[in-house]
1. Do the conditions hold for Thr204, that is, is it touching a Ser or Thr at 6+ places or on another chain (Cβ under 8 Å) and at pLDDT 95 or above?
2. Could you identify the single residue in Ile302, Ile315 that is open to solvent by 40 Å² or more (accessible area, probe 1.4 Å), without any contact (Cβ under 8 Å) to a residue 40 or more places away in the chain, of a type in the set (A, V, I, L, M) and in contact with a Ser or Thr (Cβ under 9 Å, 6 or more places away or on another chain)?
3. What's the number of the only condition in (1) within 13 Å of ligand 1 (Cβ to nearest atom); (2) within 19 Å of the chain's Cα centre (by Cα) that Thr444 fails to meet?
4. Gly113 is checked against (1) over 30 Å from Thr207 (Cβ atoms); (2) at pLDDT 95 or above and fails just one. What number does that condition carry?
5. Restricting attention to the stretch 234-260, report how many residues are under 18 Å from the mean Cα position of the chain (by Cα), among the aromatic types (Phe, Trp, Tyr) and more than 15 Å from ligand 2 (Cβ to nearest atom).
6. Take the residues in the stretch 168-200 that are part of a loop (DSSP other than H, G, I, E, B) and open to solvent by less than 40 Å² (accessible area, probe 1.4 Å), then tell me which one is modelled with the lowest pLDDT.
7. Could you tell me whether the stretch 372-385 includes any residue that is at pLDDT below 95, away from ligand 2 (no atom under 16 Å from the Cβ), of a type in the set (Lys, Arg) and surrounded by fewer than 24 Cβ atoms within 10 Å (Cβ to Cβ)?
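The values are calculated or read from the model by the stated rules, or taken from the named source; none is laboratory data. In this text the structure is predicted, and so the values were computed from the model without any measurement. Cβ atoms come from the backbone with ideal geometry, glycine included; neighbour counts cover every protein chain shown. Heavy atoms of the whole protein, side chains included, go into the accessibility calculation; ligands, DNA and RNA do not. Shrake-Rupley method; radii C 1.70, N 1.55, O 1.52, S 1.80 Å.
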Amino acid sequence: MEKAIRTKVRDLFRLAPGREVLAKGWVRTKRGNKNVSFIALNDGSTINNIQIVADVAKFDEDLLKRITTGACIAVTGDLVESLGGGQAVEIQAKSIEIYGEADPNTYPLQKKGHTLEFLRTIAHLRPRTNTFGAVLRIRHAMAFAIHKYFNDKGFVYLHTPVITASDCEGAGEMFQVTTLDLNNPPRLENGQIDYSQDFFGRQTSLTVSGQLEGELGAMALGEIYTFGPTFRAENSNTPRHLAEFWMIEPEMAFYEIEDNMDLAEDFIKSLVRYALDNCMDDLKFLNDMFDKELISRLESVIGTDFVRLTYTEGIRILEASGEKFEFPVSWGVDLQSEHERYLVEKHFGRPVIMTDYPKDIKAFYMKQNDDGKTVRGMDVLFPKIGEIIGGSERESSLEKLEARIRELGMSHETLEWYLDTRRFGSAPHSGFGLGFERLLLFVTGMGNIRDVIPFPRTPKNAEF
Ligand code: 4AD
Ligand code: MG
């Protein structure tokens, strides 16, 4: 007999009934009675399960017994209109092959309704749940939409290095990369470690940002973006911080801060629109399960103009709010998530782009304003998230940039190559970084960043 070709579950729902099909996947549930078994089968292609109907008389009793939650099976049968509610079609099984059993006594995903905390301890199996299937499909769709967005605009995808000798954000939160023997490292006469004997002949770390190399790209290709993993050794145990996260960093020649804000706003809106247009089954599931306002929040963001205000104006609003914050507010402090969320959720009720921050709380590369106090930085602040994007117009003057590097006591030597962009054909330019997982928190409505990345890395946690 001719071997049927496997059809993905997603595609089964698009077929007209009345043909033989082959489906493969993992059993979500099995129920039934003496005469008939109903198996809900999922293969990860959609949130929806295909129902398999097996006539007990036609199958070996032992075979049906071994089909339990978590088992992997292949089913050949007729795709027929479903008489029960809930699904348009189902498969009337003719033959079933078991690829792999799942012992009901030890398979951890027996019942529905496990907590997200428990699922984090079995991150290697949680993609088999409805929730993580939905989140991971949306994660994929957003990655695709990001590449599509920039490709359509003529941006070049630039691959920036993961291992680097410079600290872009200057916060010293870097994971060191070394092949030296940590129990017995080579030392200089003064007792310091001799990094000239390390793998790269110098001290290196995992990158916190691809921006500096991104700027080199923009000064040659015009408009580039990076999209890769970045690393921060900050000891932040919050629902919004990861030690390893993915960042999208566009960098554009000839953009001033206003152009940068326009791009950031259009970019996020277009990603949210893509999710609404392409991920509705998964969004509906998450909306029903976790966050009844998810879809309406997504729709509202694409329909509103983001507020634009300066840091100084923002501080004035916060000071006048009468609100009791955990961290007190005054001009010069770095804004905490509670402040950002007050502005976005309570005061304005929509996303905010804040600009012109005090130079002392921002990185060295930001364009210096004439007031001598502030820089042309911009953060995009979102409901439920706080900061989702950080960016700026860049300082294009070699003199001013060198002065700032000296002022901050940074190593001039590891930045010589970067300063060449200002020495040779410098130009106004801008860019920003979107935290991919922060975007996903917003788009999926999940409350904890550990639940929007397959294998989260946080302080004291690098399992799987
Ligand atoms: O504001 P940040 O530190 O900016 C930069 O790294 C710049 N070099 C970007 C640029 O201008 N090209 O980080 C940018 C974004 C933040 O707004 C946030 O969304 C995300 O990256 N982010 C984190 N996401 C998860 N976990 C962390 N620990 C994060 N730190 C930053
Ligand atoms: Mg930031």
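1. Details: touching a Ser or Thr at 6+ places or on another chain (Cβ under 8 Å): yes; at pLDDT 95 or above: yes.
Answer is yes for this residue.
2. Details: Ile315 fails: open to solvent by 40 Å² or more (accessible area, probe 1.4 Å).
Sole residue among the options that is open to solvent by 40 Å² or more (accessible area, probe 1.4 Å), without any contact (Cβ under 8 Å) to a residue 40 or more places away in the chain, of a type in the set (A, V, I, L, M) and in contact with a Ser or Thr (Cβ under 9 Å, 6 or more places away or on another chain): Ile302.
3. (1)
4. For Gly113, the failing item is (2).
5. Qualifying residue count, the stretch 234-260: 1.
6. Residues of the stretch 168-200 that are part of a loop (DSSP other than H, G, I, E, B), as a first pass: 168-175, 178-186, 188-192, 194, 198-200.
Within this subset, residues satisfying the condition of being open to solvent by less than 40 Å² (accessible area, probe 1.4 Å) are 168, 180, 185-186, 191, 194, 198.
Details: Cys168: 86, Leu180: 98, Pro185: 97, Pro186: 97, Gly191: 95, Asp194: 98, Asp198: 98.
Once the filter is applied, the top-ranked residue is Cys168.
7. Taking the stretch 372-385 and keeping what is at pLDDT below 95, we get 383-385.
If we keep only those that are away from ligand 2 (no atom under 16 Å from the Cβ) as well, we get 383-384.
Within this subset, residues satisfying the condition of being of a type in the set (Lys, Arg) are 384.
Cutting the leftovers down to surrounded by fewer than 24 Cβ atoms within 10 Å (Cβ to Cβ) gives us 384.
Checked against the condition, which is being at pLDDT below 95, away from ligand 2 (no atom under 16 Å from the Cβ), of a type in the set (Lys, Arg) and surrounded by fewer than 24 Cβ atoms within 10 Å (Cβ to Cβ), the stretch 372-385 yields at least one hit.
One line per residue, one yes/no per condition, for (1) farther than 18 Å from Phe432 by Cα; (2) without any contact (Cβ under 8 Å) to a residue 60 or more places away in the chain; (3) within 14 Å of ligand 1 (Cβ to nearest atom); (4) not in a helix (DSSP H, G or I):
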{"position": "Leu242", "(1), (2), (3), (4)": "yes, no, yes, yes"}
{"position": "Glu251", "(1), (2), (3), (4)": "no, no, yes, yes"}
{"position": "Asn260", "(1), (2), (3), (4)": "no, no, yes, no"}
{"position": "Lys269", "(1), (2), (3), (4)": "no, yes, no, no"}
{"position": "Arg273", "(1), (2), (3), (4)": "yes, yes, no, no"}
